[in-house]
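*Asks:* Have a look at this one.
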Amino acid sequence: MRTEGAQYVLDSSALIALVRRERGWEKVDAALDRSVICAVNLAESLTKLVHKGGDPRLTAGLLRGLELEVLPFDEELAWASRDLCALAWTHGISFADRACMALARHLRLHALTGDAKWKELDVGIQVKLFREAKRP
């Protein structure tokens, strides 16, 4: 399942930041050729980009054009993510975020995210932020 040379599993925030040129997108762009994404995160990214006004066909074409390797969220990952379930109600971590974490842990890759609260979680993954948290 692992792509040779991959170092990162992108979460949805990373892909969205790249496409929308949001703060930190340059770090995502620099890591893109060493990254993979879970199909769940691709679907979430597509949904959010369309919701923010993107044309569905153009957005899909743009994401396909990135030639990012998309890995399935299969039965093996579903079982491997069982200990992440509690994050939904204890920390408000979405299913897509837990899918990214499960894939990163399974492949022993870094999770690349813009969500600073991931750094506080003890779930057996290395978290790399592509942007620093906003200051209050």
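*Asks:* If the only charges are +1 at each Lys and Arg Cβ and -1 at each Asp and Glu Cβ, what is the size of the charge dipole of segment 96-136 around the Cα centre, to the nearest 20 debye?
*Replies:* With only Lys, Arg, Asp and Glu charged at Cβ, the dipole is about 100 debye.
*Asks:* In debye, nearest 20, what is the charge dipole magnitude of segment 8-129 about its Cα centre with +1 on Lys and Arg Cβ and -1 on Asp and Glu Cβ, if you could check?
*Replies:* 340
*Asks:* If each DSSP helix of 4+ residues adds -39,500 (n - 2.57) and the sum is divided by the residues in the chain, what number results at 222 nm, nearest 500 deg cm²/dmol?
*Replies:* When only DSSP H runs of four or more count, the value is -13000 deg cm²/dmol.
*Asks:* Applying 1/(1 + (r/R0)^6) with R0 = 25 Å to the Cβ-Cβ distance of residue 80 and residue 116, what FRET efficiency is obtained, to the nearest 0.05?
*Replies:* Plugging the Cβ-Cβ distance into 1/(1 + (r/R0)^6) gives 0.55.
*Asks:* Looking at the chain, which longest stretch skips every one of the GluC sites (Glu not before Pro) that is in a DSSP loop with at most 15 other Cβ atoms within 10 Å, leaving the sites themselves out?
*Replies:* Between exposed loop sites, the widest span is 68-131.
*Asks:* Can I ask one more? In nm, give the distance between the simple-model label positions of residue 108 and residue 33, each being 7 Å from the Cα along the Cα-to-Cβ direction.
*Replies:* 2.5
*Asks:* Among the lysines in the chain, how many pairs, 8 or more places apart or on different chains, have alpha carbons under 14 Å apart?
*Replies:* Within the chain, the lysine pair count is 4.
*Asks:* With the radius of gyration and the Kirkwood radius both derived from the Cα set of the chain, what is their ratio Rg to Rh?
*Replies:* For the chain, the value is 0.94.
*Asks:* Comparing 63, 112, 103, which has the greatest mean-square fluctuation in the GNM of the chain with Cα pairs linked when under 10 Å apart?
*Replies:* The residue with the greatest mean-square fluctuation here is 63.
*Asks:* Rank 47, 70, 95 by how far each Cα sits towards the positive end of the charge dipole of segment 1-98 (+1 on Lys, Arg Cβ; -1 on Asp, Glu Cβ) and give me just the farthest.
*Replies:* Result: 47, furthest along the dipole toward the positive end.
*Asks:* Considering only 58, 46, 107, give the residue with the highest GNM mean-square fluctuation for the chain, with springs between Cα atoms whenever their separation is below 10 Å.
*Replies:* 58
*Asks:* Could you work out the longest stretch of the chain that avoids the trypsin sites (Lys or Arg not before Pro) located in DSSP loops with at most 14 other Cβ atoms within 10 Å?
*Replies:* The longest uninterrupted stretch comes out as 53-107.
*Asks:* Turning to a different aspect of this structure: Using 0.36 nm per residue, how much length does the chain from residue 64 to residue 7 gain when fully extended, once their Cα-Cα distance is taken away?
*Replies:* 18.5 nm
*Asks:* Run the simple label-point estimate for residue 22 and residue 51 please: 7 Å along Cα→C-beta, distance reported in nm.
*Replies:* Taking the two extended label points, one gets 1.1 nm.
Bear in mind that the values in this text are calculations on the coordinates, not laboratory data. Computed from a predicted model, the values in this text were never measured in an experiment. Positions of Cβ are generated from backbone atoms using ideal geometry, with glycine treated the same way; all protein chains shown enter the neighbour counts.
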